[in-house]
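Input: a single structure, listed below in structure tokens.
The values are calculated or read from the model by the stated rules, or taken from the named source; none is laboratory data. In this text the structure is predicted, and so the values were computed from the model without any measurement. Reconstructed Cβ throughout: ideal geometry from the backbone, glycine too, with neighbour counts over all protein chains shown.
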Amino acid sequence: MLLISGSAALDPKPGFAAVATINAAIIALAKAFAEQGIKDGVQVNSVVPGAVMTARRRSFFEKWAPAHNLTVEEAVQKFPEEAGISRFGKPGEIANLLGYLVSPEANWMTRGFGAYGRRRDQGHLGRGHFFERGWRLIPEVKETRK
């Protein structure tokens, strides 16, 4: 089982509280399912991809850019720098990650969480209760199959 959530769960903003709540619920569900999955021999992973250039994100920039006196391309180029990331992820890169997580080579992994393109001001997301073992793609590995 593979669940995908959004980074709003990890860094909620007032204007996106509902989305953040849903994304946090997906992460919590994945963690709970992973615990049971270990007992039942079912692999469960969750991925938080971060900033990926999708049609939905491009549509956002098409509305946002003119309101900020920018072209769409200027806004797309400006965002990563201001967000503290090197670039947007690509859908194919996320697909490759998901493909790996459901492949036989990854059948030993469970409860994986990843954030690609985390902003510089989100350094605190790598600490604390939720990610007590550090902020890595797979912070916790448990045997899922016997």
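Quick notes
- Selection within the range 7-22: residues that are in contact (Cβ under 8 Å) with a residue 40 or more places away in the chain and either surrounded by 19 or more Cβ atoms within 10 Å (Cβ to Cβ) or of a type in the set (Val, Ile, Thr) (or both). The member of this set that is farthest from Leu97 (Cα to Cα) is Leu10.
- Residues of the range 41-84 classified as free of Cβ contacts under 8 Å to residues at least 12 places away in the same chain, surrounded by fewer than 16 Cβ atoms within 10 Å (Cβ to Cβ) and in a helix (DSSP H, G or I), total: 15
- Sole exception among (1) buried (at least 17 other Cβ atoms within 10 Å of the Cβ); (2) within 25 Å of Thr110 (Cα to Cα) for Ala25, by number: (1)
- One residue stands out among those in the range 2-35 that are under 17 Å from Val47 (Cβ atoms) and of a type in the set (D, E, K, R): the one that is modelled with the highest pLDDT, which is Lys31.
For every residue, the table says whether it meets (1) among the basic types (Lys, Arg); (2) touching a helix residue (DSSP H, G or I) at 6+ places or on another chain (Cβ under 8 Å); (3) at pLDDT 85 or above.
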site: Gln43; (1), (2), (3): no, yes, yes
site: Ser46; (1), (2), (3): no, yes, yes
site: Phe88; (1), (2), (3): no, yes, yes
site: Asn96; (1), (2), (3): no, no, yes
site: Arg118; (1), (2), (3): yes, yes, no
site: Glu132; (1), (2), (3): no, no, no
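This table checks each residue for (1) more than 15 Å from the chain's Cα centre (by Cα); (2) within 30 Å of Ala32 (Cβ to Cβ); (3) of a type outside the set (Lys, Arg).
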position: Gly50; (1), (2), (3): no, yes, yes
position: Gln77; (1), (2), (3): yes, no, yes
position: Glu93; (1), (2), (3): no, yes, yes
position: Met109; (1), (2), (3): yes, yes, yes
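- Number of the exception - Gly15 against (1) under 27 Å from Met109 (Cα atoms); (2) assigned to a helix (DSSP H, G or I): (1)
- Selected residue (only one of Ala8, Ala24, Ala28 is in a helix (DSSP H, G or I), of a type in the set (A, V, I, L, M, F, W, C) and in contact with a Pro (Cβ under 9 Å, 6 or more places away or on another chain)): Ala24
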